[in-house]
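The values are calculated or read from the model by the stated rules, or taken from the named source; none is laboratory data. Just so it is clear, the structure is predicted and the values come from calculations on it, not from any experiment. All Cβ positions, even for glycine, are placed from backbone atoms using ideal geometry, and neighbour counts span all protein chains on display. SASA here: full protein model, heavy atoms, side chains in, ligands and nucleic acids out. Shrake-Rupley method; radii C 1.70, N 1.55, O 1.52, S 1.80 Å.
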Amino acid sequence: MSGDSLVGGSFVVADYLVFALMLVLSAAVGVYYAWADRGQRNSGDFLMGGRRMTALPVSMSLTASFMSAITVLSNPAEVYRYGAIIGFYGLSYVMTMVVVSEVFLPVFYRLAITSTYDYLELRFSRATRLLGTLLFIVQTILYTGIVIYAPALALNQVTGMDLWGAVISTGVVCTFYCTMGGLRAVVWTDVFQLGVMLAGFLSVIIRSVVLQGGVLPIISDSQQGGRLNFWDFDTNPLRRHTFWTITIGGTFVWVSIYGINQAQVQRYISCKSITHARLSLYINLLGLLSILLCSVFAGMCLFSVYKNCDPWTAGLVSAPDQLMPYLVMDILGDYPGLPGLFVAAAYSGSLSTVSSSINALAAVTVEDLIKPYTNMSEKHLSWTSKGLSVLYGVLCIGMAGLASLMGGILQAVISIFGIVGGPLLGLFTLGIICPFANSKGALTGLASGLVVSLWVGIGAQIYPPPPEMSRPLSLTTEGCNFTATESLNWTSTALPTQLTSITTAPVHNIDGKPLLADTWYSLSYLYFSPIGTIITISVGLLVSLFTGGRKLKVESRLTLMKEDITFYHLCRFFKERVMGRTGKLDLTRDREKTLGNTNPTFYDVELNSAKRSIPT
């Protein structure tokens with residue numbers, strides 16, 4: 001659909017300038033860090049930022065990495081169609097940060113590893129590491145394809161710009177600054193892009209509030225339209241979104257992203273002390289919550305503006321993910337530069353995610369698939385890392401072609417993370433929390449978790465859940481008043497069949513459906529991840545027990561120890577205060593007694609809570 005049939009026209013020169021400025025600034029950061037770090041020749045500097053990053057930029061980068069165009073385009077459309085219940089993701093974010101900071105971060109940080117999958121070899125075996133690495137590579141390339149395709153779709157919808165021109169330019173800009181500047185360029189462009197995303201959201205929200213006469217009318221419209229459906233505590237696991245599916249399922253999905261996903265772990269491991277790493281996670285939580293709030297409220301604005309005339313049912317947009325760009329052109333079309341800012345926001349989300357993915361893919365390939373099998377010099381490894389960044393950039397652009405064939409973008413992304421991320425999360429949890437888990441148990445558990453996840457995930461794609469479980473909310477075109485006949489040929493009588501054809505699966509003959517179609521395959525997509533995790537852990541533990549896991553002697557540094565947990569140190573601190581001891585609590589000294597010397601890669605002051613200062 002070209003831009004000229006849209007309300008409010010298409011891009012003007014000012015929009016293209018705002019958009020081009022965002023691309024140029026992103027590329028400039030890569031050039032700057034390539035020049036600033038020209039004296040550093042090893043792959044560690046390129047992939048890990050020299051391990052001297054501080055909490056603030058890392059936290060903003062953590063937020064930007066997985067707050068992609070999916071968030072900018074799909075979250076508001078999700079609220080528009082299914083209601084604001086996705087606001088409960090805020091709870092899952094909080095639980096995620098606590099679990100990651102207490103369970104995964106201390107172990108990975110202590111080991112000072114570049115690739116998270118290095119841990120799997122140290123803890124289990126090389127075969128486990130290779131399988132983990134390959135699964136991560138497949139998952140990330142699939143995900144990145146969708147992330148490149150989503151904003152290109154928005155651009156195509158809003159401006160009539162060539163879809164594949166947009167896809168290729170996203171990939172090229174990302175690949176350029178990843179290859180030039182490494183992790184430091186990725187982190188600092190993420191910081192800039194996060195600002196652009198928030199500005200894009202705010203421009204739409206402020207204009208909608210002005211048009212609708214304030215915040216209260218928007219909330220009132222959402223209430224009357226059934227969009228404020230927060231109090232849904234139904235425990236039925238087949239229901240698409242309830243309080244339980246979003247908080248429990250969402251927590252598993254986000255722990256698999258923040259706890260073990262290379263793109264995220266690579267960032268907080270690059271911090272200069274463990275205090276900075278923990279702080280970066282909690283500051284990032286504020287960023288996640290503010291973007292979630294913006295995207296949910298933007299969805300409420302979208303409903304308030306189109307409550308009487310739904311552009312999707314009316315055939316003005318071809319997919320729900322195009323509703324936000326449509327709204328932008330409708331209400332901001334008279335303000336040159338602002339539509340450009342919104343599209344730059346969607347694009348920024350994509351650039352930040354794709355660059356993180358490319359950098360992470362290069363890191364795991366160098367660390368897991370090249371270093372162990374070759375004797376390359378650091379200079380050659382550094383050049384190889386850059387070459388891999390280019391290769392993965394090209395691959396991700398190719399994957400965008402496949403993404404164009406997938407359905408609802410948000411659900412597709414979370415399904416990919418659930419199906420592959422769940423079993424991987426189970427594997428790492430097994431290693432960190434269960435000292436008697438062995439490599440036979442780990443491999444069997446991972447394979448079992450993956451088979452079950454794929455079974456339910458693919459089944460759900462073939463036999464989508466019935467509408468009574470996904471429950472799209474009602475939309476209407478009663479208030480539509482169109483003059484453009486070429487863009488609308490629907491009549492009100494044609495509406496019900498049109499809506500049904502979009503929102504529901506084709507009606508199968510009941511006899512033709514497999515028995516599991518209305519139960520197992522209709523499971524909420526948010527439960528794919530918990531299923532994979534739980535099955536991996538359960539099977540892994542059973543197999544380990546039956547294959548001599550109890551006799552296993554695991555190095556203490558590879559598992560979670562009580563000294564890693566903040567609560568343990570708080571108890572020690574209060575105990576010493578209450579008992580009136582005069583000695584100061586020196587956590588660095590205590591740790592050295594149990595773990596040996598502090599890793600020379602990091603500062604010695606990292607856990608010295610007596611000083612209560614954060615090194616900068």
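So here's what we get for this one:
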item	result
About the Cα centre, charge dipole magnitude for the range 59-136 (Lys/Arg +1, Asp/Glu -1 at Cβ), debye	160
Nearest-10 value in Å² for the accessible area of ASP234, using the 1.4 Å probe	50
Residue-level accessible surface for TYR373, protein heavy atoms, 1.4 Å, Å²	110
Pair-distance profile P(r), taking every C-alpha pair of the range 62-190, with 5 angstrom steps and integer %	2, 8, 11, 15, 19, 17, 14, 9, 4, 1, 0
Heavy atoms of VAL413 accessible to a 1.4 Å probe, total area in Å² rounded to 10	10
In sequence order, calculated HN-Hα J values of the range 120-126 (Karplus, 6.51, -1.76, 1.60; Hz; x Gly/Pro)	5, 6, 4, 8, 10, 7, 5
Heavy-atom SASA rank of ASP334, ASP518 (probe 1.4 Å, accessible area, largest first)	ASP334, ASP518
Amide proton proximity set for ASN438, modelled H, under 5 Å, gap of 5+	SER544
Accessible surface ranking that places the most exposed of ASP37, ASP190 first, with a 1.4 angstrom probe	ASP37, ASP190
Heavy-atom accessible area ranking, 1.4 Å probe, most first, across MET197, MET399	MET399, MET197
Quotient of C-alpha Rg and 2.2 N^0.38 Å, computed over the range 120-203	1.45
All-pairs Cα distance distribution in the range 186-263, expressed in whole percent, bin size 10 Å	14, 22, 33, 28, 3
For the range 117-223, size of Cβ-based charge dipole, Lys and Arg +1, Asp and Glu -1, in debye	260
Long-range Cα-Cα pairs in the range 312-444 (distance over 23 Å), rounded percent	59
Estimated Rh, the range 197-312: Kirkwood, alpha-carbon pairs, angstrom	17.0
When each of LYS379/LYS440; LYS272/LYS440; LYS371/LYS562; LYS386/LYS440; LYS272/LYS371 is checked by Cα-Cα distance, pairs over 28 Å	LYS379/LYS440; LYS272/LYS440; LYS371/LYS562; LYS386/LYS440
